[in-house]
Amino acid sequence: MRAVARTGNSFNGGGICGQIQKVDWNNTVLWSYVYSSSTYCSHHDICPMPNGNVLLISYESKTAAQTTQAGCSQSITMWPDKIVEVHQTGATTGEVVWEWHVWDHLCQNVNPAKDNYVTSIVQHPELLNINYNTSKDWMHVNGIDYNEQLDQIVFCSHNLNELYVIDHSTTTEEAAGHTGGNSGKGGDFLYRWGNPAAYQATGTNVFHVVHDAHWIPEGCPNAGYLVAFNNNGISNNQSSVDLINPPYNGYNYSHTPGTAYLPSTYTQRHTCNGHSNGQSSSQQLPNGNMHVCIAEAGFIYEVSPTNALLWSKQVSGQVVQSFRYSACYVNGTLDVDVIATPGGICAGGTAQLNATASGGSTYTYSWVSNPAGFTSNIQNPVVSPDVTTIYTVTVSSDGCESSSSTTVVVGTPPTVTATASDEEICNGETVQLNASASGGTSYTYLWTSDPPGFNSTLQNPIAAPTVTTTYFVTVNSSGCSETDDVVITVNPVPTVSASSSPNEICIGESAQLNASASGGSSYTFSWTSDPAGFTSTLQNPVVTPAETTIYTVTVTSAGCTNTDVVTVVVRPLPSTPTITQVESTVVSSAVEGNQWFLEGSLIPGAISQVYTPLETGNYQVQVTDENGCLSSLSDVYFFQMVGINVVSRLPHLYPNPTTGIVKSDGAIASRGNFELMIVDILGNIIINAKNPTEINISDQENGVYFYVVRYESGENISGKIVLIK
């Protein structure tokens, strides 16, 4: 696979390509793909991927209006970089299946009114400061590599003197944001190194023009180290190859906010046998040797781990990059695939390594690890690493070797807490289950229940248990899982029945309300009314409504409530009748329902509208309507018998017996002014009144009392009254 300097590109400058080609060992072009337009163009390096796709570095054009809106302090056209993954679809066609844009991951602290504003650059090393070394060809990215085990990409910037690591496990949409992927950080930088000043951190500027960022591949000493060609690493006259051991932390990298990424300087350095202002490359070999290409000098050489020169070649002109391949690699006679099952474990867990070799006859296997400490000659060993570890197997057969690697990610079990919006509910209600997790990266959730029947992969699902239920949530992060549970107590809703005895009354009467409840334990009762005005917490209160009223009882048991209603119909009293005399009869104003009284006592059978009195006395009438409601007694009507059959009656008080109210009949008042005294059986005067029409002795005890009526003429009338309340 090679990059091609295509003619006719809209972009121009050093490293402009616009085209890639796939060529076999016989120089036959198998694929020729153009990636160039008026708004983008590939340049510099490419990276073939294990899946057959290829990663391209590309400029994309941004106008001055776009750059200033993004927060740039200069109004200029810029060519920020993007990375695209292209899948071959034909001899000259391809499809972009994934892409990442640095334009989606900018920051600036100059203008709060523009995009990408942050208050502190050093607190956001995951973003690129658009106002650092700003120019048209701003970053000038020139080297790119892919790590299959981590599913991450590294690339380096000539102008900003840094290398950057991003997550490739994201979707294109996630790569444009700040969440998602194995790292949980979307397309933000996972790691950057070489020039802390680019994100305003304190530290040493190690890179001075950087090219060829890549990982040391599996099967080599120091596998997993990041490497870059530092063009002016030693001086402006001597280059270096710098090796960095990143602070891996699963799919992320350990970092203290506000500081430079570690390590503070290179882990190892090879001082080159020459100098190149640009381009150049290095290759770390399985035997520990290093292959170095000093581009502008046209000098290629190989050194031992002790930097002893083993081989060199001087060519005419420049050599941009060079690589050493074995005959086995060129001929494709030996291959090995390796896999770890599972690829992610918890500390203390185990993984099975499997190596499958092809293209040879009898195979020998040699396993090593990074971090170092594990070796094995078994084809398929079992490992139990304490930290994320890269395992490399080298297979030998018939004088050829082939190596491949796999990574076992060691995670920490997450801390899991299961809670609920309410741990005690009523039957028929729902509850929000909540799972919180910490100590991992990205999480998956699985809810189950006891009794069984509930399953969910949501973090915070809704449940509707009908019985008391225990809900379990298992949270998985990087192959580690932890479980917690929460118990939801389900209380029954009580069954409620409201009634009234009676349910129809007359004004002034009372009714007994009754509430019965079942299905719960202990109950509380709350009565209200419509029309409003009545409340009670008794189970069976007595009410005396003045109008038809709906009573609602709310019964609560263990926090669960239910209601029922009962209506008490209130009938109005019939109008108080009046009495008129027609000749020798008395007539009620009511046509029906009459009952006549003499001296406060009911006259048996006297129920007609017209009644013929048989004696002189005080008459009253009372009406009962069709609902059984009684009117008030009419006013007293004194009827005087005339003729020879008149029966004379002495003046007296009535009714007798009485419940408290005693009235004087018309005969008492007709004899003139008088004084009335009521005396108990001990001779104590309890009432002494002049000319009363009625008196009230309801405040006295039940019993016999005596009365005396004294007239100014000296005449006295006496008698007794029986009080029965």
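Quick check on residue 122: is it under 35 Å from the mean Cα position of the chain (by Cα) and under 20 Å from residue 72 (Cβ atoms)?
Details: under 35 Å from the mean Cα position of the chain (by Cα): yes; under 20 Å from residue 72 (Cβ atoms): yes.
Answer is yes for this residue.
Listed by position, the strands (runs of 3 or more DSSP E) enclosed by the range 161-267 that each have at least 1 residues that are free of Cβ contacts under 8 Å to residues at least 60 places away in the same chain are 162-167, 226-235, 238-244.
Beta carbons closer than 7 Å, at least 6 apart along the sequence or on distinct chains, pair a first residue in the range 375-401 that is assigned to a strand (DSSP E or B) with a second that is charged (D, E, K, R) for 390/218; 392/218; 394/401; 395/401. The set of residues in the range 292-310 that are closer than 14 Å to residue 282 by Cα and either in contact with a strand residue (DSSP E or B) (Cβ under 7 Å, 6 or more places away or on another chain) or assigned to a strand (DSSP E or B) (or both) comprises 292, 293, 294, 298, 299, 300, 301, 302, 303, 304, 307.
A count restricted to the range 488-512 and to residues that are part of a strand (DSSP E or B) and not hydrophobic (A, V, I, L, M, F, W, C) stands at 9.
With respect to the stated conditions, residue 453 fails to be touching a residue at least 60 places away in the same chain (Cβ under 8 Å) and exposed (fewer than 13 other Cβ atoms within 10 Å of the Cβ).
Count of the range 610-630 residues, restricted to those that are under 23 Å from residue 666 (Cβ atoms) and in a loop (DSSP other than H, G, I, E, B), is 5. If only residues of the range 11-48 that are modelled with pLDDT under 95 and under 19 Å from residue 141 (Cα atoms) are counted, the one that is surrounded by the most Cβ atoms within 10 Å (Cβ to Cβ) is 15.
Screening the range 699-721 for residues that are surrounded by 12 or more Cβ atoms within 10 Å (Cβ to Cβ) and either among the polar types (S, T, N, Q) or in contact with a Ser or Thr (Cβ under 9 Å, 6 or more places away or on another chain) (or both) and picking the one that is nearest to residue 665 (Cα to Cα) gives 709.
Within the range 533-546, how many residues are assigned to a loop (DSSP other than H, G, I, E, B), in contact (Cβ under 8 Å) with a residue 24 or more places away in the chain and exposed (fewer than 13 other Cβ atoms within 10 Å of the Cβ)? Give the steps one after another, and end with the answer.
Applying the first criterion (assigned to a loop (DSSP other than H, G, I, E, B)) to the range 533-546 yields 533-534, 537-541, 544-546.
After this cut, where a residue has to be in contact (Cβ under 8 Å) with a residue 24 or more places away in the chain as well, the list is 539-541, 544-546.
Adding the requirement that they be exposed (fewer than 13 other Cβ atoms within 10 Å of the Cβ) leaves 546.
Total meeting the criteria: 1.
List the strands (runs of 3 or more DSSP E) that sit entirely inside the range 402-487 and contain at least 1 residues that are closer than 30 Å to residue 387 by Cα.
In the range 402-487, the matching strands (runs of 3 or more DSSP E) lie at 415-420, 431-438, 444-450, 469-477.
Being in contact (Cβ under 8 Å) with a residue 60 or more places away in the chain and under 23 Å from residue 627 (Cα atoms) is the filter here; which residues of the range 580-604 pass it? Give the steps one after another, and end with the answer.
Here is the first cut: in the range 580-604, the ones in contact (Cβ under 8 Å) with a residue 60 or more places away in the chain are 599-600.
Passing the criteria: none in range.
For the range 272-305, the set of residues classified as under 58 Å from the mean Cα position of the chain (by Cα) and at positive phi consists of 279, 280, 288, listed by residue number. Restricting the range 569-613 to residues that are farther than 30 Å from residue 499 by Cα and charged (D, E, K, R), the residue that is modelled with the highest pLDDT is 592.
In the range 506-523, the count of residues that are β-branched (Val, Ile, Thr), surrounded by 18 or more Cβ atoms within 10 Å (Cβ to Cβ) and either in contact (Cβ under 8 Å) with a residue 60 or more places away in the chain or in contact with a Lys or Arg (Cβ under 7 Å, 6 or more places away or on another chain) (or both) is zero.
The values are calculated or read from the model by the stated rules, or taken from the named source; none is laboratory data. Keep in mind it's a predicted model, so treat the numbers as computed, not measured. When we count neighbours, we look across all protein chains shown, and the Cβ atoms used for this are built from the backbone with ideal geometry, even at glycine.
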